[in-house]
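J.: Quick one: this structure, given as structure tokens, is what I'll be asking you about.
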Amino acid sequence: MILKPKEHLLCITNMTSTRHDGTGGVIYLSYSHTTSEWISRRLSLMDEGTYICYVGTAISTIRNVVLKVGAFHTPVIKYEKRNTKSSLICSIQVYPPSNITWKMDDTTPVSQSKMEEIRSSGPSYIKSTLDITGSNSSYECAIENSLLKQTWMGRWARKDDLHRNQSEHVSLSCQLVNNSFPLNQDFRVTWSRVKSGTSFVLAYYLSSSQNIIINELRFSWDKELINQSDFSMNLTDLSLSDSGDYLCNISSSKYTLLTVYTLHVGKLQVSLDNGFWL
């Protein structure tokens, strides 16, 4: 028997109870698949082991149940950029410890990642860091818990660099891919700007409540496009400080899609009558 934390353990058996009919005979009352609850509290990893279920009936029944408890807290894929170095981080709290695997451009396995593991009495914390090198356009991180038969995938994709001048606007595309991201799952969409090792959330959307929160007044979403699972955004009145990486994050419990754009905002040049430019 395999359970996750917060689930309950039940003893399930076919029970037969009895009562006397008043004439010295015995009548057997059959109750098929009656359940008797053993553990009604939240499970922890310390609850793993063998349990004995005893049912006192006309014919006593003893049953051994081997309990295994697994944990698979929602994984995270994170994009970081410091100076000219970019990296991806996949992390999870999981039990039993699971492997984190990477692929490049959908097909090529990657083995140059840095793995870290912190074990405790609870789920282990596992983190894998991968440096982004060359002109590779996409990476995929996969985590599988064989005990619970759960799999999560995180995908990062790089788009072309964009160049704009001050006071102009930019439109960035981000769409939910139906064939890899089931629409019946609750999900969250976040647009953020990553610059100099820090991240600022521009806006986010929750599918469960359809709430839209915007933290940047120059940012806009098209509600009609959102209804079509298109989360493309617009940013107006650009300034030099808007240069940086822009990240669209679409996340559910089973899948995360990261799309990154690099925006370069240049100083607006003005032509003077004497032929000079400012």
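J.: Residues of the range 215-270: accessible area per residue at 1.4 Å, in Å²?
T.: Each residue of the range 215-270 exposes 46 Å² on average to a 1.4 Å probe.
J.: Sorting 79, 125 by accessible area (1.4 Å probe), largest first, what list results?
T.: On the way: 79 15, 125 85 Å².
Descending order: 125, 79.
J.: Mind ordering 240-252, 163-175 by average Cβ neighbours within 10 Å, highest first?
T.: Numbers: 240-252: 19.3, 163-175: 14.6.
Going by the mean number of other Cβ atoms within 10 Å, highest first, we get 240-252, 163-175.
J.: A further question on this structure: Show the residues, 5+ positions off or on another chain, whose built amide H is closer than 5 Å to the amide H of residue 256.
T.: Excluding prolines and chain starts, which carry no amide H, the hits are 153, 154, 155.
J.: If you look at just the Cα atoms of the range 112-155, how large are its Rg and its Dmax in Å?
T.: Rg and Dmax of the range 112-155, Cα atoms, are 13.3, 42 Å.
J.: A further question on this structure: Within 10 Å, count the other beta carbons around each residue, average over each peptide in 86-94, 67-75, and list them highest first.
T.: Details: 86-94: 20.7, 67-75: 18.7.
The packing order, highest mean first, is 86-94, 67-75.
J.: In whole Hz, what ³J(HN,Hα) sequence does the range 100-112 give by Karplus (6.51, -1.76, 1.60; θ = phi - 60°), x for Gly and Pro?
T.: Along the range 100-112, the couplings run 10, 10, 10, 10, 10, 6, 6, 10, 8, x, 10, 10, 8 Hz.
J.: Further question on the same structure: Go through 104-111, 196-203 and give me the packing order, highest mean Cβ count within 10 Å leading.
T.: Values: 104-111: 10.9, 196-203: 13.9.
Answer by packing, highest mean first, reads 196-203, 104-111.
J.: Obtain the nm distance between the two label points defined at residue 118 and residue 223 by a simple spin-label model: each point lies 7 Å from its Cα along the Cα-to-C-beta direction.
T.: Each label point is offset 7 Å from its Cα along the Cβ direction, giving 4.3 nm.
J.: Still on this structure: What are the residues whose amide H is under 5 Å from the amide H of residue 53, where those residues sit 5 or more places off or on another chain and H is modelled from the backbone?
T.: Those qualifying (amide H under 5 Å, at least 5 residues apart or on another chain) are 63, 64, 65.
J.: Under 16 Å Cα-Cα from residue 267, which aspartates and glutamates qualify once same-chain neighbours fewer than 8 residues away are excluded?
T.: Of all the aspartates and glutamates, those that pass the test against residue 267 - Cα under 16 Å, at least 8 places apart if same chain - are 168, 237, 242.
J.: From the phi of every residue in the range 197-211, what ³J(HN,Hα) in whole Hz does the Karplus formula 6.51 cos²θ - 1.76 cosθ + 1.60 yield, where θ is phi - 60° and glycine or proline is x?
T.: Taking θ as phi minus 60°, the curve returns x, 10, 10, 10, 7, 7, 6, 8, 9, 10, 5, 5, 10, 6, 7 Hz for the range 197-211.
J.: Continuing with this model, one more query. Residue-wise, which Karplus ³J(HN,Hα) couplings in Hz belong to the range 139-147, taking 6.51 cos²θ - 1.76 cosθ + 1.60, θ = phi - 60°, and x for glycine or proline?
T.: 9, 10, 10, 10, 10, 10, 9, 5, 5
The values are calculated or read from the model by the stated rules, or taken from the named source; none is laboratory data. If you're wondering where the values come from, they're calculated on a predicted model, not measured in any experiment. All Cβ positions, even for glycine, are placed from backbone atoms using ideal geometry, and neighbour counts span all protein chains on display. Calculation scope for accessible area: heavy atoms of the full protein, side chains included, ligands and nucleic acids excluded. Shrake-Rupley method; radii C 1.70, N 1.55, O 1.52, S 1.80 Å.
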